Amino acid sequence: MSGIIAIISQPPAEGLTGGDLEALGGAAALAAQTGEPVLAAVIGHSVSDAVAEAGERGAERVYVADAEHLAAFSGDAVVDAAESAVAASEVSTVVIGRGTNTLEFAPRLGARLGGGCVMGVTEVRPDADGGFAVVASVYGGSARAVYRLAATPRVIGLSPGLAPAPDRDAGRSAEVVAVDAPASAEERVVVDQPAEATGPRLEEANVVVSGGRGLQRGDNFALIRELAANLGGMPGASRAIVDEGWAPSEEQVGLTGKIVSPDLYVAAGISGASQHMMGCSTSRVLVGINTDRDAPIFRYARYGINGDALEVLPELIRLTRERAGG
Amino acid sequence: MHIVICAKQVIDPDGVNSYALWGQLEVDESGRAFSTELPLIINAYDDQAIEAALRLRDDGHDVTITALSAGGEDVNQLLRHCKAMGCDEIVRVDDPDGPPDAFRTARLLAAAIRDLGDVDLVLCGRQSSDYDQGTTPAALAEMLGYAYVTVAFDVRVEGERLRIKRATPLGEEQVLASMPTVVTISNELGIPRYPTGRGMIAARRHPATVKTLEELGVEDGDGAELLELYIHEVAGECEFIEGDDPAAQAAALLGKLEAEGVL
């Protein structure tokens with residue numbers, strides 16, 4: 001078995017984004033270590049643009065499962081289609097980027113293929129015999145673990161930022177191989193879906209302003225929203241205040257929420273538990289505002305204000321409003 | 001309706017976090033475990049999975065709840081907690097020295113669930129707070145051939161199916177799933193109840209049913225082998241913005257951020 005295959009499921013019509021590009025980048029990085037070819041599997045409906053783009057971004061062969069029942073995500077159908085692509089391509093390793101549904105199918109695929117799976121991989125390390133080990137965080141980011149997936153085919157779920165997106169070169173094209181993807185009985189049916197996000201996405205915001213327990217009351221989250229808006233950014237929240245119901249879970253930043261990497265991340269009234277920092281520690285400039293000078297947030301922050309977020313935020317809002325207003 | 005809760009005993013992640021921050025967390029000579037002595041607790045998401053099962057009982061459904069865990073005798077404490085919460089039966093797969101491989105654990109749990117027979121619903125926490133992988137329940141569903149639904153915060157029985165609300169990164173999603181199903185529970189479910197006094201007394205008198213790997217016929221297989229744990233460094237070069245009052249600090253901060261080119 002040879003080859004590293006990047007799985008791209010339900011690609012957006014306007015071109016590959018986030019996790020899909022990182023899967024291609026991760027596959028290329030691994031292939032460079034092991035000397036295996038880079039392949040891709042595209043799963044969805046009417047995906048010819050994504051197939052072409054995968055080729056232009058370095059996949060030598062693209063396995064395509066194109067069917068009407070694959071238009072929307074379903075864990076059952078995507079695992080089946082990915083299994084067919086892996087069988088047809090006879091690869092050693094499957095690489096999947098972080099997306100909305102990754103957790104729903106990547107580990108299942110690892111179990112189905114028999115080689116297992118490691119999620120949230122932040123680093124790939126070559127080993128002496130031409131293989132590799134993978135690194136993922138444990139205990140909410142307090143430590144790291146190194147794993148080996150000895151058997152093949154195995155599945156690697158990437159953490160954002162492991163590998164850059166490979167450049168697009170219109171001169172390249174892949175051999176395209178159709179994969180049979182019959183529809184089977186669905187064991188689970190989506191009956192009510194959140195509206196497809198049309199506005200800016202938290203994961204792609206240049207500025208994120210997040211609030212935590214230091215806000216003291218739910219309605220103070222309005223301060224976070226206002227400052228984020230003044231800075232042209234988006235609001236975020238710690239898990240603690242999502243659990244309190246002060247902010248919706250879609251705005252949660254952290255290990256079990258969104259992973260963001262903006263130019264500017266402002267953490268107001270957030271202690272900086274590693275669970276939260278897993279979601280923002282790669283931000284270019286991180287600002288912490290906290291009453292406790294020993295709070296962990298200041299270990300990660302570039303700038304710190306040792307003070308009460310409820311006093312500092314209104315001043316930041318006032319000053320940024322004046323700027324925004326000219 | 002027979003519900004199985006899969007529960008895991010973990011080192012208190014807050015304790016690990018605090019020790020790591022103060023540079024006191026150490027890895028033992030095996031390289032695969034911490035030498036630092038820290039309390040063991042139930043994985044918090046698994047506690048919420050028990051709560052999800054108890055809410056189905058509160059809804060008036062006739063449910064039998066079995067709590068299942070794998071490990072040595074130290075896991076009996078966790079199972080007593082499950083019993084005290086309101087689980088009917090507690091089962092331990094005797095595996096005192098098993099390596100922390102999610103796929104191996106899933107094989108043990110799948111064998112134990114097959115051994116129980118007639119299971120309609122398996123509830124698991126969305127991930128364990130030690131390894132944070134979220135792979136065990138997925139592998140379990142795959143091995144059992146059950147339907148699989150992740151990050152649920154509301155689970156209801158609707159005829160022969162389950163109506164499940166999920167906390168997805170895009171917002172709430174509702175799915176209908178056939179049974180048997182493996183469902184993972186997310187923190188959005190809310191705070192689990194405390195064990196009652198009566199529950200705690202009952203738990204003391206109720207030993208766990210112990211199953212050996214031989215009895216269950218667990219087979220070897222492949223998975224993710226843990227090679228080592230290590231503690232990484234956090235940079236820490238924070239420049240504190242001083243100032244007479246919050247207004248001065250805010251103005252100084254904005255000046256710095258402008259100089260950095262991020263505003």
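List of remarks:
- B:Lys211 vs. criteria touching a residue at least 60 places away in the same chain (Cβ under 8 Å), more than 7 Å from every other protein chain (Cβ to nearest Cβ) and among the charged types (D, E, K, R): yes
- Residues that are open to solvent by 10 Å² or more (accessible area, probe 1.4 Å), free of Cβ contacts under 8 Å to residues at least 60 places away in the same chain and not in a loop (DSSP other than H, G, I, E, B) were ranked within the stretch B:135-146; the one that is nearest to the other protein chains (Cβ to nearest Cβ) is B:Glu142.
- Test for A:Val91: is it more than 9 Å from chain B (Cβ to nearest Cβ), in contact with a helix residue (DSSP H, G or I) (Cβ under 8 Å, 6 or more places away or on another chain) and of a type outside the set (Phe, Trp, Tyr): no
- Scanning the stretch A:301-313 for residues that are at the interface with chain B (Cβ under 8 Å from one of its Cβ atoms) and in a helix (DSSP H, G or I) yields A:Glu311, A:Val312.
- Note on the stretch A:197-232: residues that are touching a strand residue (DSSP E or B) at 6+ places or on another chain (Cβ under 6 Å), open to solvent by less than 30 Å² (accessible area, probe 1.4 Å) and within 14 Å of another protein chain (Cβ to nearest Cβ) total 7.
- Qualifying positions in the stretch A:282-300 - facing chain B (nearest Cβ under 8 Å), part of a loop (DSSP other than H, G, I, E, B) and either touching a helix residue (DSSP H, G or I) at 6+ places or on another chain (Cβ under 6 Å) or free of Cβ contacts under 8 Å to residues at least 12 places away in the same chain (or both): A:Pro296
- For A:Arg125, the conditions (1) in a strand (DSSP E or B); (2) in contact with an Asp or Glu (Cβ under 6 Å, 6 or more places away or on another chain); (3) more than 22 Å from A:Ser274 (Cα to Cα) are fulfilled apart from (2).
- Any hit, the stretch A:177-196, residues being more than 7 Å from chain B (Cβ to nearest Cβ), open to solvent by less than 20 Å² (accessible area, probe 1.4 Å) and within 22 Å of the chain's Cα centre (by Cα): no
- Test result for B:Ala167, facing chain A (nearest Cβ under 9 Å), surrounded by fewer than 14 Cβ atoms within 10 Å (Cβ to Cβ) and modelled with pLDDT under 95: no
- Applying the set (1) farther than 18 Å from A:Ala40 by Cβ; (2) assigned to a loop (DSSP other than H, G, I, E, B) to A:Arg148 leaves exactly one unmet item: (2).
- Every listed requirement among (1) closer than 29 Å to A:Glu251 by Cβ; (2) open to solvent by 30 Å² or more (accessible area, probe 1.4 Å); (3) in the same structural domain as B:Gln24 (by TED's automatic domain parsing); (4) of a type outside the set (Val, Ile, Thr) is met by B:Tyr194 save one, (1).
- Any chance A:Val242 is in contact (Cβ under 8 Å) with a residue 24 or more places away in the chain and aliphatic (A, V, I, L, M): no
- Options B:Val149, B:Val182, B:Val218, B:Val155; residue that is at the interface with another protein chain (Cβ under 7 Å from one of its Cβ atoms) and surrounded by 19 or more Cβ atoms within 10 Å (Cβ to Cβ): B:Val149
- Hits in the stretch B:222-242 - residues which are open to solvent by 40 Å² or more (accessible area, probe 1.4 Å) and either aliphatic (A, V, I, L, M) or more than 7 Å from chain A (Cβ to nearest Cβ) (or both): B:Leu227, B:Ile231, B:Glu233, B:Val234, B:Ala235, B:Glu237, B:Glu242
Yes or no, residue by residue, for (1) in contact with a helix residue (DSSP H, G or I) (Cβ under 9 Å, 6 or more places away or on another chain); (2) modelled with pLDDT of 95 or more; (3) farther than 30 Å from B:Ala20 by Cβ:
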| site | (1), (2), (3) |
| --- | --- |
| B:Arg205 | no, no, yes |
| B:Thr209 | no, yes, yes |
| B:Thr212 | no, yes, yes |
| B:Gly217 | yes, yes, yes |
| B:Glu233 | no, no, no |
| B:Gly243 | yes, no, yes |
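The values are calculated or read from the model by the stated rules, or taken from the named source; none is laboratory data. Nothing here was measured: the structure is a model prediction, and the numbers come from that model. Positions of Cβ are backbone-derived with ideal geometry, glycine not excepted, and every protein chain shown enters the neighbour counts. In case anyone asks, the SASA skips ligands and DNA or RNA and just uses the protein heavy atoms, side chains included. Shrake-Rupley method; radii C 1.70, N 1.55, O 1.52, S 1.80 Å.
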